[in-house]
1. Residue by residue through the stretch 166-205, note down the ones that are part of a strand (DSSP E or B), touching a residue at least 60 places away in the same chain (Cβ under 8 Å) and either under 30 Å from D346 (Cβ atoms) or among the basic types (K, R) (or both).
2. Name the residues in the stretch 96-121 that are among the aliphatic types (A, V, I, L, M) and touching a Phe, Trp or Tyr at 6+ places or on another chain (Cβ under 9 Å), would you?
3. Residue check, L64 against (1) of a type outside the set (G, A, S); (2) at pLDDT 85 or above; (3) out of contact with any Ser or Thr (no Cβ under 9 Å at 6 or more places or on another chain), all met but one. Which one?
4. Among the residues of the stretch 98-117, how many are of a type outside the set (G, A, S) and not in a strand (DSSP E or B)?
5. Just to verify a result, which residue in the stretch 105-146, among those that are closer than 24 Å to A216 by Cβ and of a type in the set (F, W, Y), is most open to solvent (accessible area, probe 1.4 Å)?
6. Looking at the stretch 9-32, which of its residues are over 15 Å from L281 (Cβ atoms), in a helix (DSSP H, G or I) and free of Cβ contacts under 8 Å to residues at least 60 places away in the same chain?
7. Which residues, taken from the stretch 46-97, are in a strand (DSSP E or B) and open to solvent by 40 Å² or more (accessible area, probe 1.4 Å)?
8. The conditions are (1) over 29 Å from the mean Cα position of the chain (by Cα); (2) closer than 28 Å to D68 by Cβ, and D108 fails exactly one of them. Which is it?
Amino acid sequence: MIGLAFRNIGRNRKRTILTAFSIFLAVYIIILLVSICETMIDDMIENEKKYVTGDFRIADRTYLENEDLMPLQFNIDNVDEKIAAIEDLDPAIHAEALIKTGVYAYLDGELETAFAVGVEIGKSAYTSDGGTKLIAGRLPENGKKEIAATTRLLSRLGLSVGDRITLMVRTTTSSTNAATFDITGEIAFSSADLNADTVIVPLDVLSRLCRMEKGALEILVTCDGNEDEEKYLSAIKEALDAENLRIDYWKDSSMAYSFIPLFDTTYAIVELLFFLISSTLIFNTTMMCVLERKKEIGTMIAFGFRRSTVIIQFVIEAAIISLFGTLAAGVAGAATLALIDSVGLDLNALGGEAVQGWNFSNMLYPEIGLPMLAAITATGLAVAVLAAFLATYRIRKIEVANALREED
């Protein structure tokens with residue numbers, strides 16, 4: 001039956017190529033779509049945990065309830081003691097204190113808005129090699145009135161490394177304080193959102209400037225190399241023993257995690273749409289073959305072939321065509337992703353500003369695992385075979401006598 005199937009496939013090469021190409025295109029697009037979407041979701045979660053939520057985010061309850069207003073008076077005091085208590089629980093636990101607040105940059109009599117992040121230089125993800133790229137100069141030093149600023153902010157202000165700038169901040173008493181800083185570094189973050197108008201300030205300096213006195217607005221806790229972070233929740237609560245503090249697990253506070261079901265549903269619908277389009281072409285092609293070969297089908301039945309055998313013959317033909325299409329798509333998809341992974345996918349060049357606010361990185365490196373690749377190609381093959389099987393229902397209704405009188 002396999003040999004006969006190959007001979008029948010070669011009868012109409014244009015139709016065979018068109019059918020195989022439709023399967024190829026559908027599976028190829030879905031492979032790229034799934035890979036890019038999964039990479040974007042993983043990247044968004046990684047950046048959320050690195051810069052926003054950690055595995056756990058600790059802050060004053062009242063501050064979190066009014067976070068949009070940035071009530072700096074509801075900060076965490078004695079933050080160094082609390083970080084030490086957390087990190088003493090387990091060597092895998094890392095904690096860092098942060099202050100995030102809007103600031104004004106005073107320059108030539110004008111006030112320009114910016115976003116300041118106070119971190120402990122050298123310890124924070126905001127200054128690590130994996131999170132920050134140093135374009136020029138150096139990172140600021142703890143305890144000194146120095147800052148590092150993003151390329152975009154420096155360009156907007158017309159400044160460069162070595163210049164000085166005055167930053168004005170709101171304090172815990174709702175007053176205003178200001179200090180002049182040396183710009184020691186030009187930086188770029190892995191997160192596109194932070195690359196807007198961000199300045200990195202030593203935590204101790206910003207804390208004094210905001211009148212927090214060794215305080216911070218939040219503590220991010222990261223559990224390195226642990227899949228089950230939740231087991232640390234009760235231990236951290238017990239170590240802090242502070243009723244005014246709230247500890248949020250990242251899945252409960254992450255915007256990225258809350259949108260995962262929406263993303264999954266969206267690209268599942270798109271996948272279904274492409275499979276339906278390709279299966280419709282398979283269905284129509286098989287139907288046309290049945291109609292064109294009615295006399296051949298009638299002859300086979302007259303010679304004693306079961307109708308089920310004839311149906312299987314048509315399904316095998318469709319399966320062979322679909323197999324070539326899906327295998328070619330799998331190879332082409334893997335090759336394309338390998339090429340993209342080697343150079344990266346630049347979101348800025350693709351209109352990345354349209355997705356700002358989602359914590360995507362500037363560069364994405366999509367990839368797909370072998371199990372997922374196999375699952376997509378197998379699904380494409382199964383859908384095509386099912387469509388071909390459904391299209392053979394006419395064979396069950398063919399009258400042998402009428403079919404034998406059909407003219408070629």
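1. To start, the set of residues in the stretch 166-205 that are part of a strand (DSSP E or B) comprises 166-170, 176-189, 191, 198-202.
Pick out the ones that are also touching a residue at least 60 places away in the same chain (Cβ under 8 Å) and you get 166-170, 178, 188-189, 191, 198-202.
Hits for the stretch 166-205 are R170, A188, F189, S191, T198, V199, I200, V201.
2. The answer is L98, V103, L111, A114, V117, V119.
3. Going through the list (1) of a type outside the set (G, A, S); (2) at pLDDT 85 or above; (3) out of contact with any Ser or Thr (no Cβ under 9 Å at 6 or more places or on another chain), L64 breaks only (3).
4. Of all residues in the stretch 98-117, those of a type outside the set (G, A, S) come to 98-101, 103-104, 106-108, 110-113, 115, 117.
With the extra rule that they be not in a strand (DSSP E or B), the set shrinks to 108.
Qualifying residue count, the stretch 98-117: 1.
5. Per the criteria, the residue is F115.
6. If the condition is that a residue be over 15 Å from L281 (Cβ atoms), in a helix (DSSP H, G or I) and free of Cβ contacts under 8 Å to residues at least 60 places away in the same chain, then R13 is the only one that fits.
7. H94
8. Answer for D108: the failing condition is (2).
The values are calculated or read from the model by the stated rules, or taken from the named source; none is laboratory data. What you see is a predicted model, and the numbers here were worked out from it, not measured in a lab. Quick reminder, even Gly has a Cβ in these numbers, built from the backbone with ideal geometry, and neighbours come from all protein chains shown. Heavy atoms of the whole protein, side chains included, go into the accessibility calculation; ligands, DNA and RNA do not. Shrake-Rupley method; radii C 1.70, N 1.55, O 1.52, S 1.80 Å.
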